[in-house]
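Trainee: Here it is, the structure in full.
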């Protein structure tokens, strides 16, 4: 390893003149000194590049690369190509790292001999308005427990089961040989690339570990990717990530539990696509026509599948393969036939249950009708009895006897009233 570099740290930077100094300071002051700090200026139009250049003049560990604005993924991938350390780390340019982080992380990674080491982070809100809007993120990046050397797929399943899986490459360190051996790179020219990279890396890994130390400090600001209003472009990005992940997993073999949670993860991603599509306005939806034919068919397939995916398949049914075959089929008409086939062939128990519920509902309706008819009969009988009473001599005599007292009562009430 060149110059005994222990960590290559990759930082994509774009128009972050307000934040980049704090980020760099947190790195150059690390207690572990054997660092390669790779900063890729992604075509900034403010003073970001100048600030980084001044730091690079002072600290030879800092390498500055300037490119035309191409997006965070392109910058990160360039950083991976330039990396020479034993371990790889990513930092966002508006975030910081505790100064002892790499010391602890390096020792733990060496001790455990893992492909990936996961750690935690703190949420830093830029102001009170942002905090009130995203208060649910306050403890989002905390890890639940320390976990030593464990199979990566088992950890993935455990995290998914406990809703603690995070798409956060910045809160993971990677063995660089592992990254290059598996040719792991970020999908380019889209947002939310963390989802794709995090999932591909854990599903490619052998052994991993977790520590609960919250070394990473993530800044949540009003104009960040996390907080911006959703648009059709977000849908496009999710479609491309979904497609990339789908193509990735179909080349691999996984155990039953891992398949289950892969299915749940991508199903959640698909529901996000559908929810954004339902929320955006008509003008944003017009961007649909900008999709290629393949992209449009994939979007239709995702939404169509989500519309049937809440069906509770029997435990002995292979829902994973049903889903794989459904999404592989990119013709919407054939997909509709496939939906019909699922209902007819793979969900007999569901149809049987629905029929039972319908029969029960019919029985309850018939019972309600019988009770209603009975009530009508009783009401008619009561009316007949009332007519009989009114026509009887005793009733008429009673009315005559009480006529005078009733008249007196009415007169008294009139006198009392003002």
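Trainee: I'm trying to understand the selection: among the residues of the stretch 244-259, which are farther than 10 Å from residue 160 by Cα and either within 16 Å of the chain's Cα centre (by Cα) or part of a helix (DSSP H, G or I) (or both)? Reasoning before the result, please.
Mentor: We begin by selecting, within the stretch 244-259, every residue farther than 10 Å from residue 160 by Cα; these are 244-257, 259.
244, 245, 246, 247, 248, 249, 256, 257, 259 - these are the residues of the stretch 244-259 that are farther than 10 Å from residue 160 by Cα and either within 16 Å of the chain's Cα centre (by Cα) or part of a helix (DSSP H, G or I) (or both).
Trainee: Further question: Considering only the stretch 14-111, give the strands (runs of 3 or more DSSP E) lying wholly within it that have at least 1 residues that are farther than 24 Å from residue 193 by Cα and at pLDDT 95 or above.
Mentor: On the way: elements: 35-42, 62-67, 87-90.
It comes to 35-42, 62-67.
Trainee: Might you let me know whether the stretch 222-233 holds any residue that is crowded, with 20+ Cβ neighbours inside 10 Å and within 20 Å of the chain's Cα centre (by Cα)?
Mentor: Taking every residue of the stretch 222-233 in turn, none turns out to be crowded, with 20+ Cβ neighbours inside 10 Å and within 20 Å of the chain's Cα centre (by Cα).
Trainee: Within the stretch 164-172, is there a residue that is closer than 30 Å to residue 25 by Cα, part of a strand (DSSP E or B) and at pLDDT 95 or above?
Mentor: Looking through the stretch 164-172, at least one residue is closer than 30 Å to residue 25 by Cα, part of a strand (DSSP E or B) and at pLDDT 95 or above.
Trainee: Please determine, by comparing only the residues of the stretch 158-184 that are farther than 20 Å from residue 89 by Cβ and touching a residue at least 24 places away in the same chain (Cβ under 8 Å), which one is surrounded by the most Cβ atoms within 10 Å (Cβ to Cβ).
Mentor: 160
Trainee: Out of 40, 16, 9, I need the residue that is in contact with a helix residue (DSSP H, G or I) (Cβ under 8 Å, 6 or more places away or on another chain) and more than 20 Å from residue 81 (Cβ to Cβ). Which one? Walk me through how you get there before you give the answer.
Mentor: Values: 40 fails: more than 20 Å from residue 81 (Cβ to Cβ); 9 fails: more than 20 Å from residue 81 (Cβ to Cβ).
When all the criteria are applied, what remains is 16.
Trainee: Here are 226, 147, 220: which of them is in contact with a helix residue (DSSP H, G or I) (Cβ under 7 Å, 6 or more places away or on another chain) and at pLDDT below 95? Break it down into steps so the answer makes sense when it comes.
Mentor: On the way: 226 fails: in contact with a helix residue (DSSP H, G or I) (Cβ under 7 Å, 6 or more places away or on another chain); 147 fails: at pLDDT below 95.
That would be 220, the only listed residue that is in contact with a helix residue (DSSP H, G or I) (Cβ under 7 Å, 6 or more places away or on another chain) and at pLDDT below 95.
Trainee: Could you tell me whether the stretch 120-129 includes any residue that is touching a helix residue (DSSP H, G or I) at 6+ places or on another chain (Cβ under 7 Å), over 16 Å from residue 8 (Cα atoms), part of a loop (DSSP other than H, G, I, E, B) and at pLDDT below 95?
Mentor: no
Trainee: Let me ask you something else. Would you be able to say whether some residue in the stretch 142-154 is out of contact with any strand residue (DSSP E or B) (no Cβ under 9 Å at 6 or more places or on another chain), under 23 Å from residue 249 (Cβ atoms) and not in a helix (DSSP H, G or I)?
Mentor: Looking through the stretch 142-154, none of the residues is out of contact with any strand residue (DSSP E or B) (no Cβ under 9 Å at 6 or more places or on another chain), under 23 Å from residue 249 (Cβ atoms) and not in a helix (DSSP H, G or I).
Trainee: Assuming residue 87 fulfils every condition listed in (1) under 21 Å from residue 169 (Cα atoms); (2) in contact with a strand residue (DSSP E or B) (Cβ under 9 Å, 6 or more places away or on another chain); (3) surrounded by fewer than 20 Cβ atoms within 10 Å (Cβ to Cβ) apart from one, which condition is it?
Mentor: For residue 87, the exception is condition (3).
Each row is one residue, and each column tells you yes or no for (1) in contact (Cβ under 8 Å) with a residue 60 or more places away in the chain; (2) touching a strand residue (DSSP E or B) at 6+ places or on another chain (Cβ under 8 Å); (3) under 20 Å from residue 102 (Cα atoms).
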| residue | (1), (2), (3) |
| --- | --- |
| 17 | no, no, no |
| 24 | no, yes, yes |
| 29 | yes, no, yes |
| 52 | no, yes, no |
| 72 | yes, yes, no |
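Trainee: Please work out if residue 187 is touching a residue at least 24 places away in the same chain (Cβ under 8 Å), in a loop (DSSP other than H, G, I, E, B) and surrounded by 19 or more Cβ atoms within 10 Å (Cβ to Cβ).
Mentor: When the stated conditions are applied, residue 187 passes them.
The values are calculated or read from the model by the stated rules, or taken from the named source; none is laboratory data. Just so it is clear, the model here is predicted, and its values are computed rather than measured. With ideal geometry, Cβ positions are generated from the backbone for all residues, glycine too; neighbour counts draw on all protein chains shown.
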